[in-house]
Amino acid sequence: MKIDISLYKKIVILTGAGVSAASGIRTYRGKDGVWNEYDVEEYGHVDRLTDKPEKIWQLFGPLRTQLLTAQPNNTHKLLAKIEKLLLPLQQFTLITQNVDGLHQRSGSTNVIELHGTIEQTCCSNQNCDLSPFADTNPHTDVVPHCPKCNAVLRPNIVLFGEQIPPQQSWHSKRALRDCDLFISIGTSGTVAPASNFVRAARYEGARTVYVNLEPMPNPNPEFEETYYGEAEVLLPDLFDSQI
């Protein structure tokens, strides 16, 4: 069933790793997913900052190298185009679980980076006043330390065992308020709190659409429509011809 964007006033798009796969960025789950090679608890947990910080950089640092050449794909570009075509009374919010910044590079402006951004480094000491800064160094050889307090520096992303930052959480909940179209693209829909967004949208009476390469491990009945396949192939056909 086609999606005519002009019929909706408050649109929320949720994207996951599947959206960036066509840009050469590995997904975390699935056949060739990162978690098949790296154990989450060993490499991606916040506790590693205190005992083995090199593991954090060995896992996430290479993504910085990939991003030096990776480019936004057709899904990124299509979502950016939709945002630009909206009328003044329409609202568009793109909530992404990705940390690669490709949505912004494609032209999307109202983006909530739920899990932070790999393109920044920050101090692991929460009491330090060092501001997050742009950084393309993968730091896979030597763990960097803060120039102010000498604590370990870390990628400015949400690690396993950490909560979503309050600001991102608040803005996401606000976007879902009165939402009338919710589309989840390229995500398994199993990681909280993003996995709960569709329920909030459905409560508001929104049309809920799931687009992913494969079905969810446990299908969520809150999605009224499901489409399986590559997002860059499905989305142009789903959206109205005005796109």
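The values are calculated or read from the model by the stated rules, or taken from the named source; none is laboratory data. On a predicted model such as this, the values are computed, not experimentally measured, just so you know. Neighbour counts are summed over all protein chains in view; Cβ atoms, including those assigned to glycine, are modelled from backbone coordinates with ideal geometry.
Just a few scattered comments:
- Condition met for Val211 (within 19 Å of Gln120 (Cα to Cα), touching a residue at least 12 places away in the same chain (Cβ under 8 Å) and of a type in the set (A, V, I, L, M, F, W, C)): no
- Filter result for Ile95 (closer than 25 Å to Val19 by Cβ, in contact with a helix residue (DSSP H, G or I) (Cβ under 7 Å, 6 or more places away or on another chain) and assigned by TED's automatic domain parsing to the domain that holds Tyr8): yes
- Number of positions in the stretch 52-106 that are hydrophobic (A, V, I, L, M, F, W, C), more than 30 Å from Phe182 (Cα to Cα) and touching a His at 6+ places or on another chain (Cβ under 6 Å): 1
- Hits in the stretch 161-170 (condition: surrounded by 15 or more Cβ atoms within 10 Å (Cβ to Cβ) and outside any loop (DSSP other than H, G, I, E, B)): Gln168
- Qualifying positions in the stretch 171-225 - touching a strand residue (DSSP E or B) at 6+ places or on another chain (Cβ under 8 Å) and assigned to a helix (DSSP H, G or I): His171, Ser172, Ala175, Leu176, Ala194, Phe197, Val198, Ala201, Arg202
- Here the stretch 116-160 is the region considered, the condition is being among the charged types (D, E, K, R) and surrounded by 19 or more Cβ atoms within 10 Å (Cβ to Cβ), and the residue that is nearest to Leu67 (Cα to Cα) is Glu119.
- Applying the condition of being under 20 Å from the mean Cα position of the chain (by Cα) and more than 19 Å from Gln163 (Cα to Cα) to the stretch 40-60 and asking which residue is modelled with the highest pLDDT yields Trp57.
- Subset tally (residues that are in a loop (DSSP other than H, G, I, E, B) and among the small types (Gly, Ala, Ser)) for the stretch 91-142: 5
- Per the conditions (1) at pLDDT below 95; (2) not assigned by TED's automatic domain parsing to the domain that holds Leu7, the sole criterion not satisfied by Leu87 is (2).
- Contact map, the stretch 110-137: residues that are at positive phi paired with residues that are buried (at least 17 other Cβ atoms within 10 Å of the Cβ) and assigned to a strand (DSSP E or B), Cβ distance under 8 Å, separation 6+ or inter-chain. Pairs shown: Gly116/Pro155; Gly116/Asn156; Gly116/Ile157.
- Residues of the stretch 198-237 that are within 15 Å of Leu181 (Cα to Cα) and surrounded by fewer than 18 Cβ atoms within 10 Å (Cβ to Cβ): Arg199, Tyr203, Glu204, Gly205, Glu224, Glu225, Thr226.
- Residues that are among the small types (Gly, Ala, Ser) and over 9 Å from Thr140 (Cα atoms), drawn from the stretch 37-63: Gly44
- Residue-level check: of (1) assigned to a strand (DSSP E or B); (2) hydrophobic (A, V, I, L, M, F, W, C); (3) within 13 Å of the chain's Cα centre (by Cα), Leu153 misses just (3).
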